[in-house]
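Chemist: Dropping the structure in here first, questions after.
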Amino acid sequence: MKKISVFAIGAMLATGAAFAEFEETVVAVVQPVVQTTNTKGGFVSGNETIVTVKQVNEMRDDVPVIVKGKIVQRMGDDKFLFEDGTGSITVEIDDDAWRGQTVSATDTVKLYGDVDRGIFKTEIDVDYIEKL
């Protein structure tokens, strides 16, 4: 019969207790991460104020705007011609604002951005696009 010292038994019990604590900690840490990665979307109030191109042309610089219409033409690397029922305006759309969407001239979109007023022209600097 093999003898086990009291020290060895205590070490095994302590190791088991430490392992049990580790398991509980891992569950507590992993669980919120899973919940965070599955979360999609955000708050939508339904109270958006959509303005027209005509109104944008009268606004001051850096005013946040939402316009609804069609992107009808590419004018350069990140410049496009946008139209609604009141007129047309140049919009600047960086690659990340497309959010993986493909948009054609027949698609209606909402553009969320800011007025970019210069001395001779007014544009919209687009933050993101919503394809309707």
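Chemist: For the range 95-132, which chymotrypsin sites (Phe, Trp or Tyr not before Pro) are in a loop by DSSP, counting at most 12 other Cβ atoms within 10 Å?
Modeler: Phe120
Chemist: Students sometimes get this wrong: rank Arg60, Arg99 by accessible area, probe 1.4 Å, all chains present, largest first.
Modeler: From most exposed to least exposed: Arg60, Arg99.
Chemist: Excluding Leu81 itself, what net charge comes from residues whose Cβ is under 12 Å from its Cβ, given Lys and Arg +1 and Asp and Glu -1?
Modeler: It works out to a net charge of -1.
Chemist: Per residue and in cubic angstrom, what volume does the convex hull of the Cα atoms of the range 39-124 have?
Modeler: 120
The values are calculated or read from the model by the stated rules, or taken from the named source; none is laboratory data. All values derive from a computational prediction rather than experimental measurement. Here Cβ is always computed from backbone atoms with ideal geometry, including for glycine, and neighbour counts include all displayed protein chains. Just so you know, the surface numbers come from the protein's heavy atoms only, side chains and all, with ligands and any DNA or RNA stripped out. Shrake-Rupley method; radii C 1.70, N 1.55, O 1.52, S 1.80 Å.
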